[in-house]
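Student: Input: one structure, supplied below.
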Amino acid sequence: MSAASAITLKNLLTLMRPAAVGASSVVIIFSGMYPLFFEPSISVGKAFGTALLLLIGCILIHGLLTHALNDYTDYRSGTDEHSPAMLSGGSRVIQNGHMSPATLGKFGLGLAIVLLICAVALIIWGQLPLAIILLIGIWGAASYSVPPLRLAYIPFAGEWLSTFPSTFALGLGGAWLMLGTFPEWAVQNAWINAMYCIAWVMVHHIPDLEADRQASPRKVTSVVWAVERFGLAYARMPAVVYFAIIVLSAIWLATSDRWLGAAGIVVAAAISMYWLAKVDLKDAEAVTSCEKKMLLTAIVLAVWLGIFY
């Protein structure tokens, strides 16, 4: 199979993993954009155009670039080979023979170069905020997976230095582009949604615990780190910590008179921690079911925060 013939719409959709992208990045855009449609100084057309622009960037970076680079890196290290491969274990475009490792690697590199050229062009044209948002997204995708940084393989680094900046910037992007400022509600929404995304990723790493430990180099996620220091039961700990941060953040929303928003995040975090506490960590299928419920919760939470701002 030639490289060109492998780059088909079907393969790109498989690589993109629309369900995960929709439950995280797309709803983060909604959460940050929906209130702007009711801002008197902004036309509906301009708000819609900005939302569409962010959505395109989300598909290219969070959907394609991030997954291409991560799938290629995890294939090379061997972790995806041992993954139970439900929601975890990558898109499986390599393992199922849809794209060769070389093709996927070249696709990821080529897309990164094109996006970097676009960022430079935006700077030249004076579109600095949009260029910065784009560069943060590229940084998140590349630093998470690509050597020598490969931050996903270092405990706490992947979520804080890669995942958080890109998801937080995506959530703030609408307000920055439309208003030129960062209203408190937008910062709060971006923060909560990014935290829930990271918490979900920590649960996402649980089924791959043994696969990550067998990788070369070893993929020492925060979950692997916790288990190796405290035991299997503590595989839940990283996610619980992030859910606890979300609960504490309710105080911030409450002091801003966002009582409904505060109540929503407490309920979402509490339910998620309950599901996680009950799940059998040795049962990959059960953990995957828990992940799916959390993805639905992420959608509801982001929409809730967008409406009750």
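A short reminder: the numbers here are calculations on the coordinates, not readings from a lab. Every value quoted in this text rests on a predicted model; they were computed, and no experiment measured them. As a convention, Cβ positions derive from the backbone with ideal geometry for all residues, glycine included, and neighbour counts pool all protein chains shown.
Student: Which order, highest average first, do 63-69, 37-43, 236-242 follow once you tally other Cβ atoms within 10 Å for each residue and take the mean per peptide?
Tutor: The peptides rank, most packed first, as 63-69, 236-242, 37-43.
Student: Using a 7 Å offset from the Cα along the Cα-to-Cβ direction at both residue 154 and residue 53, what is the distance between the two label points in nm, to one decimal?
Tutor: Label at residue 154, label at residue 53, 3.3 nm between them.
Student: Of the chymotrypsin sites (Phe, Trp or Tyr not before Pro) in segment 155-209, which ones lie in a loop per DSSP and count no more than 15 other C-beta atoms within 10 Å?
Tutor: Loop-located and lightly packed - 156.
Student: If you take all C-alpha pairs in segment 101-252, what percent of them are over 27 Å apart?
Tutor: Result for the distance tail: 33 percent.
Student: Right, here's the next one. Write down the Kirkwood hydrodynamic radius of segment 269-309, to one decimal in angstroms, obtained as one divided by the mean of 1/r over all alpha carbon pairs.
Tutor: When all Cα pairs of segment 269-309 are included, the Kirkwood radius is 11.0 Å.
Student: While we're here: Taking the alpha-carbon set of segment 3-307, what are its Rg and Dmax in Å?
Tutor: Answer for segment 3-307, Rg first and Dmax second: 18.9, 56 Å.
Student: Expressed as a whole number of Å, what is the distance separating the alpha-carbon centroids of segment 29-107 and segment 151-218?
Tutor: Rounded to whole Å, the Cα centres lie 13 Å apart.
Student: Can you list which of the DSSP-assigned H helices in the chain have a Cα extent of 15 Å or more along the long axis and an average Kyte-Doolittle score of at least -0.5? Spell out each step's value before the answer.
Tutor: Details: long enough: 44-58 (21 Å, 1.80); 66-77 (16 Å, -1.45); 101-124 (35 Å, 2.26); 128-145 (26 Å, 1.80); 164-179 (22 Å, 1.32); 184-204 (30 Å, 0.66); 237-255 (28 Å, 2.12); 259-278 (29 Å, 1.46); 284-307 (34 Å, 1.25).
What comes out of the filter, once short or polar helices are dropped, is 44-58, 101-124, 128-145, 164-179, 184-204, 237-255, 259-278, 284-307.
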